[in-house]
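Colleague: Input: one structure, supplied below.
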Amino acid sequence: MNTLCPIFIKLKDKNCLVVGGGQVAERKVDFLLKSQANITVISPDLTKKLQLFAQDKKIVYQTKKYEPGDMDDMFLVIAATNDSETNRAIYLLAEKRNMLVNVVDVPELCNFYVPSVYRQGDLKIAISTNGKAPALARYIREGLEKLFPARIARDIEELDRLRRSQKVQLSDDMKRRETLAREQAQNIISSYFEQTN
């Protein structure tokens, strides 16, 4: 049964911990950087890209092995080590502290999953398979990249401008505002499909 609650969360300036310094950790750091989180990475070694992030002060890097105290003052933790005992210990402590925790590639040791995300300006579409088929989620994301043109970011801005204008002009007619908003969105989506045919 699918019991996940799909939400978008503000991570800007939130303290997030990534334990591990390999390619998988690198992908998770990339993901968190897009949310403007404060990221600490703990690992004896780092990929070249993570080393550059540390040099550019995009992340705080601690050259060491994980210790339980590393989770103090953290909002979220991602375990991306190749040590299953360490990953499990991170999960158990995070759960005890009611923290968000993701042990990469071990769905049963997660209370959230990192989705595959399509981004274009203010549009974000998150795709999840409950951790069961991440390759399929990536494939769907790639399909969305082909489906939506780059101009969708401008279209969203235009729809926002129209919505705010109509909110003033039709302040007493919510039903009319909803109808106009739906029609304007449908017209934009229809124009995308016309271009692909």
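Colleague: Anything in the stretch 107-130 that is out of contact with any strand residue (DSSP E or B) (no Cβ under 8 Å at 6 or more places or on another chain) and of a type in the set (G, A, S)? List them, or say none.
Modeller: G121
Colleague: On to the next question. Could we say that I156 is surrounded by 10 or more Cβ atoms within 10 Å (Cβ to Cβ), among the β-branched types (V, I, T) and out of contact with any Leu (no Cβ under 7 Å at 6 or more places or on another chain) here? Reasoning before the result, please.
Modeller: Working: surrounded by 10 or more Cβ atoms within 10 Å (Cβ to Cβ): yes; among the β-branched types (V, I, T): yes; out of contact with any Leu (no Cβ under 7 Å at 6 or more places or on another chain): no.
No; evaluated as a whole, the condition is false for this residue.
Colleague: Let me ask something additional. Applying the selection to the stretch 84-135, what residues are within 18 Å of K65 (Cα to Cα) and of a type in the set (S, T, Y)?
Modeller: Within the stretch 84-135, S84, T86, Y91 qualify.
Colleague: Quick one: count up the residues across the stretch 49-106 that are within 16 Å of F31 (Cα to Cα) and among the basic types (K, R).
Modeller: Result for the stretch 49-106: 2.
Colleague: Given the criterion of a type in the set (K, R) and within 19 Å of F8 (Cα to Cα), identify the matching residue among R182, R163, R141, R176. Break it down into steps so the answer makes sense when it comes.
Modeller: Details: R182 fails: within 19 Å of F8 (Cα to Cα); R163 fails: within 19 Å of F8 (Cα to Cα); R176 fails: within 19 Å of F8 (Cα to Cα).
Answer to the check: R141.
Colleague: Further question: Return a yes/no flag: does the stretch 152-159 have any residue that is under 25 Å from R27 (Cα atoms), modelled with pLDDT of 85 or more and either outside the structural domain of K34 (by TED's automatic domain parsing) or not β-branched (V, I, T) (or both).
Modeller: Let us first name the residues in the stretch 152-159 that are under 25 Å from R27 (Cα atoms), namely 153.
From the residues that got through so far, the ones that are modelled with pLDDT of 85 or more too are 153.
In the following step, the residues that additionally are either outside the structural domain of K34 (by TED's automatic domain parsing) or not β-branched (V, I, T) (or both) were identified as 153.
Scanning the stretch 152-159, I find at least one residue that is under 25 Å from R27 (Cα atoms), modelled with pLDDT of 85 or more and either outside the structural domain of K34 (by TED's automatic domain parsing) or not β-branched (V, I, T) (or both), so the answer is yes.
Colleague: Among residues belonging to the stretch 70-99 that are under 19 Å from the mean Cα position of the chain (by Cα) and in contact (Cβ under 8 Å) with a residue 40 or more places away in the chain, point out the one that is surrounded by the fewest Cβ atoms within 10 Å (Cβ to Cβ).
Modeller: Going through the stretch 70-99, the residues under 19 Å from the mean Cα position of the chain (by Cα) turn out to be 74-80, 99.
When the remaining residues are screened for being in contact (Cβ under 8 Å) with a residue 40 or more places away in the chain, the result is 74-80.
Working: M74: 18, F75: 15, L76: 21, V77: 25, I78: 28, A79: 28, A80: 24.
Result: F75.
Colleague: G131 - would you say it is modelled with pLDDT under 85, within 24 Å of K10 (Cα to Cα) and outside the structural domain of D45 (by TED's automatic domain parsing)? Talk me through it step by step, then tell me what you get.
Modeller: Numbers: modelled with pLDDT under 85: yes; within 24 Å of K10 (Cα to Cα): yes; outside the structural domain of D45 (by TED's automatic domain parsing): yes.
Answer is yes for this residue.
Colleague: Can you go through D105, D122 and tell me which one is surrounded by fewer than 14 Cβ atoms within 10 Å (Cβ to Cβ), closer than 15 Å to V18 by Cα and at pLDDT below 95? Even if it seems obvious, please write down each step before you answer.
Modeller: Details: D122 fails: closer than 15 Å to V18 by Cα.
Residue meeting the stated conditions: D105.
Colleague: Can you pull out the residues in the stretch 5-24 that are surrounded by 12 or more Cβ atoms within 10 Å (Cβ to Cβ), in contact (Cβ under 8 Å) with a residue 60 or more places away in the chain and more than 17 Å from M74 (Cα to Cα)?
Modeller: G22, V24
The values are calculated or read from the model by the stated rules, or taken from the named source; none is laboratory data. Only a predicted model underlies this, so the values are computations on that prediction, with no experimental measurement involved. Don't worry about glycine lacking a Cβ; one is built from the backbone with ideal geometry, like all the others, and counts go over all protein chains shown.
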